[in-house]
Structures are given as C-alpha cells and as structure tokens.
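Only one structure is covered here, and it is reproduced in the block below.
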Amino acid sequence: MAKLSQVAMGMLNSEGMWQIAPGKLRQSLLLFGMAVVIAIADQVTKSFVRANMDLAESIPAEGRFRLTYSTNSGSIFGLSLDSTFLLVMAPIVILAILWLYFYYLPVTNRLSRVGLGLLLGGAVGNLIDRIRAGEVTDFIDVRLWGDFHWATFNVADASITVGIVLMIYYFIREVRIHG
C-alpha cells in the first residue's frame with residue numbers, strides 16, 4: 001500500500017526505484033540550496049569563533065552589538081532541555097519537515113521553500129554541533145537597552161527563527177487567499 005501511494009505521488013517509478021518528478025526536483029533546489037548554504041555558513045562562523053576567541057570573550061568589550069563566545073548545552077536561545085532528547089528529536093523533526101514539504105506544500109511557492117530551507121539549514125547546523133561536541137557554539141550578542149540583552153545566538157538559531165516567521169506568514173496568507 002505504501003509503495004502504491006509513493007508511485008502515485010511520483011516518488012517511485014514503475015520499476016520501484018526512488019525518484020522525484022523533474023519539476024519538483026528543480027523547484028526543490030531552492031530549499032536544499034538554502035539549507036546547505038545556511039548549514040555551511042553556520043559551521044564556518046562557529047569554527048571561526050572557536051579558533052579566534054576565548055570562551056566568554058566579547059568583541060568589542062562594550063556595546064549594543066557584540067561577538068561573545070559562549071556555548072549552549074540547552075536548546076534554541078539557551079532554553080533548558082535534555083540534550084539526549086534534542087539529539088533524538090532533531091532528526092525526526094528534519095524528516096517530518098521534508099516529508100511535509102514533498103507531500104503537501106505547493107512546489108511553486110518560493111516563500112515556503114525559503115522558509116523550509118532556513119529551518120532545515122538551521123536545524124542541521126545545530127545538530128552538527130550537538131553530535132560533534134554535545135553543545136552548540138553561540139556568538140551573536142545583542143543588547144537591547146541597559147543591561148537587558150537577548151540570549152546569545154548563532155546563524156542557525158537566527159535561520160530557524162526567520163524560517164518559522166516566514167512559514168507562519170505563508171500559512172496565514174494561504175488561509176486568507178483560499179479560505
């Protein structure tokens with residue numbers, strides 16, 4: 001039954017070999033290209049920080065926007081969750097996002113592909129850190145006013161956040177257009 005539905009969805013050809021319809025593959029390049037660029041940018045920036053800064057060092061020492069080397073064994077923006085839980089759930093979430101994309105979202109909508117690409121790239125970037133070191137390197141430190149500052153974050157965290165905002169906007173817009 002599953003094989004029949006995969007053939008109907010264009011995932012398996014008549015010989016049972018896995019394939020993606022050419023139009024869907026071409027349009028999916030934006031999603032996967034975005035994900036790869038984000039994951040690479042995230043890893044390069046984290047490697048640069050680890051190689052050139054001491055833990056807890058800030059450049060500049062004062063200011064609204066600083067690079068501050070920190071590590072995070074919690075989840076996004078330092079929220080405390082068990083690392084084992086994250087290591088198990090992150091690949092499941094990534095697979096669920098891909099499954100939802102290939103089966104339900106229109107491939108012609110660029111906004112959905114960019115949003116999912118940002119989510120996927122950010123998730124992969126942080127997953128690499130968790131597997132490699134059991135923690136994530138953070139370095140972007142923004143002070144909003146006085147001593148109040150947002151939790152230190154990284155390229156992957158920012159990508160995940162922007163991806164979520166884009167997907168919420170996309171879904172709201174689709175509901176308004178199609179009722």
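The values are calculated or read from the model by the stated rules, or taken from the named source; none is laboratory data. The shown structure was predicted, so the numbers you read here are calculated from the model rather than taken from an experiment. Cβ sites come from the backbone with ideal geometry, for glycine too, and all protein chains shown count toward neighbours. Protein only, heavy atoms only, side chains kept; ligands, DNA and RNA dropped before computing areas. Shrake-Rupley method; radii C 1.70, N 1.55, O 1.52, S 1.80 Å.
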Hey, any idea what % of the stretch 131-179's accessible area is carbon plus sulfur with a 1.4 Å probe?
70
Separation of the residue 110 and residue 162 label points, Cα + 7 Å toward Cβ, nm:
1.5
Starting from the Cα of residue 94, move 7 Å in the Cα-to-Cβ direction to define the label point; list residues of the stretch 128-159 whose amide nitrogen is under 12 Å from there.
128-132
Approximate spin-label separation residue 171-residue 151, in nm, with each point projected 7 Å along Cα-to-Cβ:
2.1
Quick one: how many Å² of residue 171 are accessible to a 1.4 Å probe, rounded to 10?
100
Show 110, 50 ordered by accessible area, largest first, where the area counts protein heavy atoms only and the probe is 1.4 Å.
110, 50
